[in-house]
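What follows draws every value from the coordinates through simple rules; no lab data is involved. As the structure is a computational prediction, the values presented were derived from the model and not from experiment. Note that we place each Cβ from the backbone using ideal geometry, even for glycine, and neighbour counts take in every protein chain shown.
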Amino acid sequence: MTRVLVAGLRSSQAARIGADTGGDSLTFETASDFDAAVAVASGEAEYYVGICQSGAGAALAMAIGLLGSDRARSVSTPGRPPSPTEIQQAVDEGVVAFGVPLDHIETAVPLIVQAILSERREG
Amino acid sequence: MSPLVGIAGFAIAGALAAGAAFDGVATYHDGLRPLMPEYRRGEMERADLGRRGWAMSAGFVRWFALPFILVSGVGVSHAVFLPTDIVGLRSARRALALLVGGVVGLLAGALVLVVDFLPADLTNTWLEMAEPLRYLIILLPVVAALEYRGLAAAVLVSLIVVALRITVTISTVGVDPDAMALLGGTLACLIIALRERVPAPERPEVLSHNLYAARRSLIYLTPLGAVVGALAYGGFLAGEPGAALLLGADLRWAAASVAIFSGVAFIPSVTRSVAVSGSASTQGSPDWVLAVGFLAPSYWAAALGGAAALSAEVLGAPLLLRLVDRHPKLSVMGVAMRHALVVVFDLAVLIGGAMVAHALLPGFGLATVVGLFIWNEAKGRPLMPIAVGALGAIAAGIVEYLLETF
């Protein structure tokens with residue numbers, strides 16, 4: 001079972017969307033950004049999804065600080081909807097912390113889930 | 001302060017902010033701050049950092065700042081400090097960063113000044129977009145409480161907010177009742193979050209070191225605080241679109257109360273990002289420093305207050321981190337308050353934009369805003385939702401002006 005922790009704005013809604021899309025393969029839980037980033041850094045969870053207005057600021061600050069900038073990436077920015085290809089590429093490159101702008105929760109979270117599932121199937 | 005002096009203020013602010021970014025001691029964008037340790041160690045390419053910075057900032061400059069500068073005639077911090085972050089990080093030399101940062105600030109200031117030359121009928125009508133917002137700001141703490149702990153907390157905060165609003169309205173104090181109600185609601189949110197207290201956790205040495213290291217930013221941020229304080233007092237600068245609209249409509253207490261609510265909301269996340277990065281936030285926790293300027297009695301007091309406020313935040317960061325650590329619910333409430341800012345402002349500006357567009361171009365204006373909203377939702381929000389009402393009102397205003405002129 002792959003554990004995904006969700007932090008930030010509307011994290012409960014994002015976790016619900018993730019759980020609906022992920023089925024039995026992924027578990028989604030909400031946490032503070034600090035706790036979530038620590039859990040991923042220590043291997044207690046596999047992925048982190050952080051949500052803020054920009055998808056790059058408060059969403060990822062802790063994750064970048066604790067996991068490093070190469071393992072944390074914004075999947076979209078305000079005014080630029082998420083791209084399935086870019087998200088899949090991020091997962092394949094080993095990114096484990098995803099920043100999502102509040103405006104794009106409904107579109108970005110299912111894409112992250114699909115990319116993780118695809119990577120797990122192939123991996 | 002004459003408009004030209006205001007433009008000079010923007011130029012100085014831009015230069016200082018770009019200089020701080022060049023040295024890696026402060027950034028405006030929360031997303032760039034955690035990258036500063038790698039940047040300072042020379043492990044990140046300037047070009048790469050510049051590209052990343054622009055990718056995360058462009059939407060805010062285009063949709064969060066520029067339309068609202070046009071409709072309010074007030075500068076929005078994002079239009080100055082997001083570009084100056086990139087200028088600073090991208091520049092090969094400090095002198096170049098200061099120069100180009102100054103030019104960027106000057107251009108932002110000039111944009112604010114240009115609005116004064118637009119037809120007064122049009123700009124006055126655009127400013128009516130603030131009308132729903134001035135009343136809806138009292139919902140900010142209520143929505144935050146709802147998000148934080150559900151209906152019971154929301155009802156409790158509602159009662160406090162409504163009681164305050166009624167009391168101030170019937171009293172002869174003469175201050176904005178909605179602003180006072182928002183300040184009371186903000187205090188209620190703070191008290192709710194502060195009720196839970198845990199022993200101070202063991203703090204990694206590196207975080208304490210970073211908080212002290214961030215003080216290197218004061219050489220830039222103390223004068224920057226003075227400049228933004230004075231710009232806020234002069235009605236030239238606000239921290240985000242809602243406060244810009246309120247300030248443009250000369251609702252200073254409302255703009256200040258929003259800035260204070262926002263400042264409280266962001267303190268936990270900004271403080272933590274300073275602790276992990278060793279870099280300060282260019283304008284402090286957004287946007288309480290500006291609130292000092294909005295409420296100051298004179299330019300000198302605004303400048304002095306702005307400098308003192310921003311310096312105090314940087315110097316007091318270790319205490320703030322201790323507060324956030326000992327009261328973990330402050331971070332949870334901060335998230336709820338930031339959520340409230342987005343939800344309430346998006347809706348208030350949409351309603352305001354629809355009202356103004358309808359007033360400018362009856363029927364068609366309203367249809368433009370609603371049509372734009374539907375298109376944006378269908379396309380996965382290529383526009384930031386807060387921009388929809390403003391862009392609709394701008395389009396309606398331009399069409400109405402052309403029809404009237406020709």
Notebook entry, point to check: Out of the DSSP beta bridges found with both residues in chain A, what percent are antiparallel (nearest 5)?
Noted result: 5 percent
Item checked: Net charge, A:Ser11 excluded, C-beta distance under 13 Å - Lys, Arg +1, Asp, Glu -1 -> -1
Checklist line | Order of B:Leu49, B:Leu347 - criterion: other Cβ atoms within 10 Å of each residue's Cβ, fewest first | finding: B:Leu347, B:Leu49
Next item on the list: For A:Val49, list long-range residues whose amide hydrogen, built 1.01 Å from N in the peptide plane, is under 5 Å from its own amide hydrogen.
Entry: A:Leu5, A:Val6, A:Ala7, A:Phe98
Next item on the list: Please go through segment A:45-123 and write out the GluC sites (Glu not before Pro) that DSSP classes as loop and that have at most 14 other C-beta atoms within 10 Å.
Entry: A:Glu93
Notebook entry, point to check: With springs only between Cα atoms under 10 Å, which of A:Gly57, A:Gly23, A:Gly68 fluctuates most in a Gaussian network model of chain A?
Noted result: A:Gly23
Notebook entry, point to check: Residue-wise, which Karplus ³J(HN,Hα) couplings in Hz belong to segment B:256-268, taking 6.51 cos²θ - 1.76 cosθ + 1.60, θ = phi - 60°, and x for glycine or proline?
Noted result: 5, 5, 5, 5, 6, 4, 5, x, 5, 4, 8, 3, x
Item checked: Relative contact order for segment B:334-406, counting Cα pairs under 8 Å that sit 6 or more residues apart, in percent -> 37 percent
Next item on the list: Kindly put B:Met333, B:Met180, A:Met62 in sequence by how many other C-beta atoms sit within 10 Å of each C-beta, fewest to most.
Entry: B:Met180, B:Met333, A:Met62
Notebook entry, point to check: How much mean residue ellipticity at 222 nm does chain B get from its helices, if each DSSP H run of length 4 or more adds -39500 (n - 2.57) and you divide by all residues, to the nearest 500 deg cm²/dmol?
Noted result: -24500 deg cm²/dmol
Item checked: Neighbour-limited loop hits for trypsin sites (Lys or Arg not before Pro), segment B:307-406 (at most 13 other Cβ within 10 Å; DSSP other than H, G, I, E, B) -> B:Lys379
Item checked: Cα gyration tensor, segment B:115-158 - rounded (a/c under 1.5), prolate or oblate -> prolate
Next item on the list: For chain A, just say rounded, prolate or oblate: build the C-alpha gyration tensor, square-root its eigenvalues into a ≥ b ≥ c, call rounded for a/c under 1.5, and beyond that prolate if a/b exceeds b/c, oblate if not.
Entry: rounded
Margin query: Restricting to bridges with both residues inside the protein assembly as shown, how much of the DSSP beta-bridge set is antiparallel, in percent to the nearest 5?
Written below: 5 percent
Next item on the list: With springs only between Cα atoms under 10 Å apart, run a GNM on chain B and tell me which of B:Thr84, B:Thr186, B:Thr167 wobbles the most.
Entry: B:Thr167
Checklist line | Cleavage-rule hits, trypsin sites (Lys or Arg not before Pro), segment B:68-160, DSSP coil, Cβ neighbours within 10 Å at most 14 | finding: B:Arg93
Check: Sequence-distant or interchain residues sharing an amide H contact under 5 Å with A:Gly79, placed H: which?
Finding: B:Met384
Note to self: If you average the alpha carbon positions of segment B:287-305 and of segment B:350-384, how far apart do those two centres end up, in angstrom?
What the structure shows: 35 Å
Check: Most exposed first by the Cβ proxy, i.e. fewest other Cβ within 10 Å, how do A:Asp35, B:Asp325, B:Asp116, A:Asp103 rank?
Finding: B:Asp116, A:Asp35, B:Asp325, A:Asp103
Check: Quick one: Cα centre-to-centre distance for segment A:45-92 and segment B:72-121, in angstrom?
Finding: 28 Å
Check: Where Lys and Arg each count +1 and Asp and Glu each count -1, what net charge lies around B:Glu147 among other residues with Cβ under 11 Å from its Cβ?
Finding: +3
